[in-house]
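So the structure is just underneath, and the comments pick up after that.
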Amino acid sequence: EFVLIDIEPQRPSRQRMIRSYTLSIAGIAFLLMGWFVLAKRDDLVTRYFYWLCVLFAFFLMDIPDWPSESWMTVKEMTRDLAHLLLPVVFLRFLLYFPTRSHLTNDNSRKHRLLWVPFWPLVIASFYAQVAKLDPSTSITVATIQGISTLYMVIWCIAGLAVFGKKAISKSRGIAHHKMRSVLMGLLFGILPFLIGNIMYM
């Protein structure tokens, strides 16, 4: 059974175009900030800071839609990948901030465990996209979304707890660190993304 619907294309409103351009400029600013910091100091902290900036830029910039089913599938898969990357990158950045430059072999093995939930969720999410499962009726999609939301909440709360512990530690002097303004801006910037990601999932 087919249903025919007439669709009349409409030009986006001026307010919508201004908002889209403004967000794209903000995304470019995040990319430039990430590249600038990484160029100044290439270590664990700045590498994860850079990837946070890349993820922010991806969410902010308007990726165009094309009349191609393959393009739209790849776009949604990339969006799912970015949503699942954000919590673990956020947590690892706060684990290393402000001064950790390397990991011992033991710590490296422990921190790799933080990626354990990420890979099966990515595979399951990609499968749902390729199989074109209906989010409104598929139990599989609902299960993936539920587990993803739990993963994101736990990892992000853990990251904020790590930051809070460091912030109140007098011995670390984090409040006087020269990167404190960058970190605070990052934290204020990430909260809307975390809330939006949880709602999206």
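Observations on the structure shown:
- With respect to the conditions (1) at pLDDT 90 or above; (2) open to solvent by 50 Å² or more (accessible area, probe 1.4 Å); (3) closer than 21 Å to PHE59 by Cβ; (4) among the β-branched types (Val, Ile, Thr), VAL88 falls short on a single one, namely (2).
- Just one of (1) open to solvent by less than 70 Å² (accessible area, probe 1.4 Å); (2) over 13 Å from the mean Cα position of the chain (by Cα) fails for TYR48. It is (2).
- Residue list for the range 20-39, filter: small (Gly, Ala, Ser) and under 15 Å from PHE58 (Cβ atoms): SER20, SER24, ALA26, GLY27, ALA29, GLY34
- Taken over the range 140-150, the criterion of being without any contact (Cβ under 8 Å) to a residue 60 or more places away in the chain, hydroxyl-bearing (Ser, Thr, Tyr) and surrounded by 13 or more Cβ atoms within 10 Å (Cβ to Cβ) is satisfied by THR140, THR149.
- All told, TYR21 falls short of being farther than 25 Å from ALA124 by Cα, among the hydroxyl-bearing types (Ser, Thr, Tyr) and under 16 Å from the mean Cα position of the chain (by Cα).
Residue-wise test of (1) at pLDDT 85 or above; (2) open to solvent by 30 Å² or more (accessible area, probe 1.4 Å).
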site: SER101; (1), (2): no, yes
site: ASP106; (1), (2): no, yes
site: LYS110; (1), (2): yes, yes
site: SER138; (1), (2): no, no
site: GLY159; (1), (2): yes, no
site: LYS170; (1), (2): no, yes
site: ALA175; (1), (2): no, yes
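The values are calculated or read from the model by the stated rules, or taken from the named source; none is laboratory data. The structure displayed is predicted, hence computed values, not measured ones. A quick note on method: Cβ atoms are made from the backbone with ideal geometry, for glycine too, and the neighbour counts reach across all protein chains shown. Surface accessibility is based on the protein's heavy atoms, side chains included, excluding ligands, DNA and RNA. Shrake-Rupley method; radii C 1.70, N 1.55, O 1.52, S 1.80 Å.
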